[in-house]
């Protein structure tokens with residue numbers, strides 16, 4: 001989603017989910033009903049008075065099936081991406097907890113120096129990195145000083161026994177795992193569906209709704225009701241796709257729960 005028109009809609013993610021959903025569904029219903037009222041006046045002039053509902057209905061059914069499958073596949077892909085980001089965050093928090101337990105076994109003064117730096121890093125990620133990520137901003141600078149200080153200190157520790165050598169090797173391995181998971185998390189902050197896919201979603205929704213405008217019916221209220229129901233369904237599907245598109249944005253997002261759990265259960269004094 002790199003186009004300016006789509007990026008300008010990111011303020012919707014500051015809304016609670018119920019309001020976000022209401023706005024999306026409301027726009028779909030409003031567009032569908034407004035278009036139907038306008039087109040209804042010109043249908044006889046364009047196509048005559050002949051009832052061609054069977055043809056329109058068959059075409060709408062075929063179009064709905066293809067577009068429904070497309071939206072379903074996109075939703076599954078967005079959910080898998082969301083779940084992968086959530087798993088990466090959990091993996092990073094787990095690696096931090098294991099690393100903290102490992103360096104707790106170092107002799108003083110190494111133990112206090114390493115645990116303090118790791119505790120500060122975790123707190124920085126919770127308090128400062130996540131608010132930036134919720135805004136879609138790069139949070140790489142947050143916690144960098146703590147990470148560099150921890151890395152510099154850890155690599156200069158000189159083990160004094162075979163047991164300390166094994167412990168040091170495990171600490172270095174866990175630190176590498178933590179850094180790898182951190183990079184995955186930071187890279188996923190800007191992960192989203194390409195703008196061309198959103199163009200297909202919006203365009204396909206408009207085309208499916210426009211087919212409802214071509215029905216010739218005597219009961220206009222029923223026609224409007226059916227169109228509004230279809231618009232509501234499409235709006236709900238697009239809303240579902242949107243809330244999962246940015247894993248760190250909005251009310252439904254990947255939060256720092258895993259980090260907070262690690263901090264409270266492992267690091268808190």
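The values are calculated or read from the model by the stated rules, or taken from the named source; none is laboratory data. Not measured: the values here are computed from a predicted model. As a convention, Cβ positions derive from the backbone with ideal geometry for all residues, glycine included, and neighbour counts pool all protein chains shown.
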Residue 67 passes all but one of (1) within 23 Å of residue 224 (Cβ to Cβ); (2) assigned to a helix (DSSP H, G or I); (3) touching a residue at least 24 places away in the same chain (Cβ under 8 Å); (4) out of contact with any helix residue (DSSP H, G or I) (no Cβ under 7 Å at 6 or more places or on another chain); which number fails? (4)
What are the pairs with Cβ atoms under 7 angstrom where one residue, in the range 174-190, is at negative phi and the other, located anywhere, is at pLDDT below 85 and not in a helix (DSSP H, G or I)? Sequence gap at least six, or different chains. 186/139; 186/140; 189/136; 189/138; 189/139; 190/136
Go through (1) in a helix (DSSP H, G or I); (2) touching a helix residue (DSSP H, G or I) at 6+ places or on another chain (Cβ under 7 Å) one by one and return the number of the condition residue 200 breaks. (2)
Kindly evaluate residue 23 against the criterion of being exposed (fewer than 13 other Cβ atoms within 10 Å of the Cβ) and either at pLDDT 85 or above or closer than 30 Å to residue 147 by Cα (or both). no
So residue 149 ticks every box in (1) surrounded by 13 or more Cβ atoms within 10 Å (Cβ to Cβ); (2) out of contact with any helix residue (DSSP H, G or I) (no Cβ under 6 Å at 6 or more places or on another chain); (3) closer than 16 Å to residue 115 by Cα but one. Which box is left unticked? (2)
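Let's see how each residue does on (1) over 18 Å from residue 192 (Cβ atoms); (2) touching a helix residue (DSSP H, G or I) at 6+ places or on another chain (Cβ under 8 Å):
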residue	(1), (2)
73	no, no
77	no, no
81	no, yes
86	no, no
92	yes, yes
102	yes, yes
Can you tell me which residue is surrounded by the fewest Cβ atoms within 10 Å (Cβ to Cβ) among those in the range 125-146 that are under 27 Å from residue 110 (Cα atoms) and touching a helix residue (DSSP H, G or I) at 6+ places or on another chain (Cβ under 6 Å)? 140
Across the range 208-222, what is the number of residues that are in a helix (DSSP H, G or I) and in contact with a helix residue (DSSP H, G or I) (Cβ under 7 Å, 6 or more places away or on another chain)? 5
Only one residue in 235, 169 is outside any loop (DSSP other than H, G, I, E, B) and free of Cβ contacts under 8 Å to residues at least 40 places away in the same chain, so which one is that? 169
Within the range 238-262, the residues that are closer than 20 Å to residue 126 by Cβ and part of a helix (DSSP H, G or I) are 257, 258, 259, 260, 261, 262
Given (1) modelled with pLDDT of 90 or more; (2) exposed (fewer than 14 other Cβ atoms within 10 Å of the Cβ); (3) under 30 Å from residue 90 (Cα atoms), number of the condition residue 203 does not satisfy: (3)
For the range 85-97, give me the residue count where each residue is surrounded by fewer than 19 Cβ atoms within 10 Å (Cβ to Cβ) and in contact (Cβ under 8 Å) with a residue 12 or more places away in the chain. 4
